[in-house]
1. Compute the projected area of the convex hull of the Cα atoms of the range 133-187, averaged over all viewing directions, and report it in nm² to one decimal place.
2. Scan the chain and note any complete DSSP helix (H) whose C-alpha atoms cover at least 20 Å along its axis and whose Kyte-Doolittle average is 0.5 or more.
3. Give me a comma-separated list of calculated 3J(HN,Hα) values for the range 251-267, in order, Karplus coefficients 6.51, -1.76, 1.60 applied at θ = phi - 60°, integers in Hz, x for any Gly or Pro.
4. Just for the Cα atoms in the chain, what are the lengths along the principal axes, largest first, rounded to whole Å?
5. Given the C-alpha centroids of the range 233-267 and the range 155-184, what is the distance between them in whole angstrom?
6. Quick one: 3J(HN,Hα) in Hz for the range 61-69, Karplus 6.51/-1.76/1.60 with θ = phi - 60°, rounded, Gly and Pro as x.
7. Taking square-rooted eigenvalues a ≥ b ≥ c of the alpha carbon gyration tensor, is the range 81-195 rounded, prolate or oblate, where a/c under 1.5 means rounded and, failing that, a/b exceeding b/c means prolate?
8. Go ahead and set up a Gaussian network model of the chain, Cα springs under 10 Å, then flag whichever of N251, N128, N204 fluctuates most.
Amino acid sequence: MRSLANLMDLRGRVAVVTGGAGHIGSVIADALAELGAAVAIVDLARERCVTVADRLRARYGTAAMPLVIDLSQEAEVISIPRHVQEEFGRLDILVHTAALVGTAALKGWTGPFQQQRVEAWRQALEVNQTVPFLLTQAAAELLAASGHGSVINISSIYGLVGPDPRLYEGTAMGCPAAYAASKGALIQLTRWLATTLAPAVRVNAVSPGGVWRSQPEAFVTRYVERTPLGRMAREEDIKDAVAYLASDLSNYVTGQNIVVDGGWTAW
C-alpha cells in the first residue's frame, strides 16, 4: 500500500496552469511546484509570467517555464502542448484557471441585465468555456500517454447557484449572466470530458466561493454573514483542492466538482 506522501508526490510530472500569473493561478502553480512538478505558467502578462516562473525555481528548485500566450487566439491555444512537450517531454496535469471575470474596459459586462451586451457574453464564453475545450482537446494525447493524466477546471459557485443581488447593493459589483452561464457550462464540460477521456485521463472541477480581495466593506460583511464558516475564501483554500485532484491521492476520482465555498451553497 502506497503512503500518503507517495500518493501526493508530483516529482517527474509536468503541469500547465493557464492564468498562472494571476491571483489564484500563481498559488496553484506554487502548490504543484511544492509537490515536485515542473510547471508551465501560461499567461498574457509577460512580466508577471516570468516573475512567477522565477519564484518557483528559486523556492522549490523545480523547472518552470513562462509561456506568454493570448488565449483569445486559437492557434496560440492549441500550440501550448507542443511548447510544453518540447521543453519538458511530457504533460501530466492541465489546470484551467484563466477566466474572464470582467474589466472596466469591457462594455456591457456587469450592471443591470438590460445593459449587459452580447459582445461581453461572447468573450466570456470564449475564455471561460471554449479555451478549456480547445486546450484539453489539443493536450489529450499527451495527457493520456502520461499514465497520470489529470485535467482540473476552475469553475465557481455561480456555476451552481444564482447570485444574491442583495450582496451587491450600494457597490459597483455584480455577477453578470455571462460569467454564471460560462462557469455552469464548464462544470458540465467536466462531466462530459470525464467519461469521454476515461480511463486514461481524469477530469474534475473545483468551484470556489468568493475570494477576499479588498472588496467593499458592505459586500464583505454581507458575504461573511451568509457563509457558514464565517469568512471569505483564500487562495490557499483552492490550492489544496487542486493538489488533491492533480495527484494520485484522487486516482479513483473523475467527473466530480469539489465546492470550496465555506458552506455557501449548503443553505
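FYI, it's all coordinate maths here, none of it is from the lab. Just so we're clear, the structure is a prediction, and the values are computed from it rather than from any experiment. Neighbour counts are summed over all protein chains in view; Cβ atoms, including those assigned to glycine, are modelled from backbone coordinates with ideal geometry.
1. Values: hull surface 19.6 nm².
If you wrap the Cα atoms of the range 133-187 in a convex hull and average its projections, you get 4.9 nm².
2. Values: long enough: 46-60 (21 Å, -0.88); 74-88 (22 Å, -0.37); 131-146 (22 Å, 1.32); 177-197 (29 Å, 0.62).
Result, helices passing both filters: 131-146, 177-197.
3. 6, 10, 10, 8, x, 9, 10, 8, 8, 10, 9, x, x, 3, 8, 7, 5
4. The principal-axis extents, from largest down, are 51, 41, 38 Å.
5. 20
6. In residue order, the calculated couplings are x, 9, 6, 8, 10, x, 10, 7, 9 Hz.
7. prolate
8. N251
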